[in-house]
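These notes are about the structure you will find just below.
The values are calculated or read from the model by the stated rules, or taken from the named source; none is laboratory data. Computed from a predicted structure; not experimentally measured. In this analysis, Cβ positions are derived from the backbone assuming ideal geometry, glycine residues included, and neighbour counts consider all displayed protein chains. Heavy atoms of the whole protein, side chains included, go into the accessibility calculation; ligands, DNA and RNA do not. Shrake-Rupley method; radii C 1.70, N 1.55, O 1.52, S 1.80 Å.
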Amino acid sequence: MIRSMTGYGSASADSEAGRASVAVRALNHRFLDLAVHLPRRWQDLEPEVRRLVQSRVQRGRLEVSLQTTMRDEEATAVVVSTPVVAGVVNALRQIQSQYELAGKVRLSDVIRFPGALEVVETDGNPGDEGRRVVLGLVESALEALDRMRLAEGGTLERDLLQALAAIEAAATRLEAASRSERDTRREALLERLRTLRDELGLEEARLYQEVVRLVDRQDVAEELQRLRSHVGQARDVLRGGGPCGKRLDFLAQELAREANTVGSKSASSAMAREVVDLKGEIERFREQVQNVE
């Protein structure tokens, strides 16, 4: 099974140590981009949290958040931001002096300024029980995330297989259109060259060779064969499961390259329409691939 890069998982628990909850959000990204948000007193858990995430996730932008209300936590403290208060007092006195205003700078004038007082968490060791609870919740949240990513991956796989079938069908239609038009192109070129032969006195054998060469230059059989090969490889990758987004993205680029080459060789409006359909199916495939881990 393949996995989507998007998903959400959470877990929470009450224990003798208190209550804690963990949430994990995942979005698309070319590489693994991990952000861990922990309260101040739990910062030393970040390396372990990162190891847990990296053992389960290969690609994506992940955000892990922890909220706790532990019974052994010390109370928060309100502290004075000395630089802010000093700056406010000096600014108010400067205004008084410059504009000759009466009165004194009062406490109520200072504390109304944002940042003058700060609420901070006091340091404290969360204890072994608290660490065990939190790391267990991280694992549970990652398991919930993985279940969602697998479920979305199943939907993605079905969509990708449908897109590959549509690409293959478009290639078959292009092959049929090219084959039916090949003789028509040859006869049209021969007729034009016979006129030139009569006017210029050229050899007919040489003219026929040139016609064959020109017709072969417009033949798309090789490009369509390579395109089918890429479709087969993509199916094999999907059957293999696991992290395969980068490989599928590469194959999507190769499919688009072959489609562009076929388009450059398409002379008729019928083939041009089929090429447009082919490119549309390849683009649909490429967009879905961006969601695969």
Rounded to a whole %, the carbon-and-sulfur portion of the accessible area of the range 219-282 at a 1.4 Å probe is 49 percent
With a 1.4 Å probe and all protein chains left in place, how much of the accessible area of the range 16-118 comes from carbon and sulfur atoms, in whole percent?
52 percent
Provide the per residue accessible area, probe 1.4 Å, for the range 249-293, rounded to a whole number of square angstrom.
47 Å²
At R0 = 35 Å the Cβ-Cβ FRET efficiency linking Arg284 and Arg147, nearest 0.05, sits at 0.85
Linear extension gain, His29 paired with Ser55, 0.36 nm per residue minus alpha-carbon span
7.6 nm
Can you figure out the FRET efficiency of Gln94 with Glu118, using R₀ = 22 Å and their beta-carbon distance, to the nearest 0.05?
0.35
With r defined as the distance between the Cβ atoms of Phe250 and Asp14 and R0 fixed at 45 Å, what FRET efficiency is calculated, to the nearest 0.05?
0.40
What is the P(r) of the range 220-293, as percent of Cα-Cα pairs per 10 Å bin from 0?
20, 49, 24, 7, 0
How far apart, in nanometres, would the label points at Arg158 and Glu222 be if each is projected 7 angstrom from Cα along the Cα-to-Cβ direction?
4.1 nm
Of all the Cα-Cα pairs you can form in the range 125-171, what percent are over 14 Å apart?
68 percent
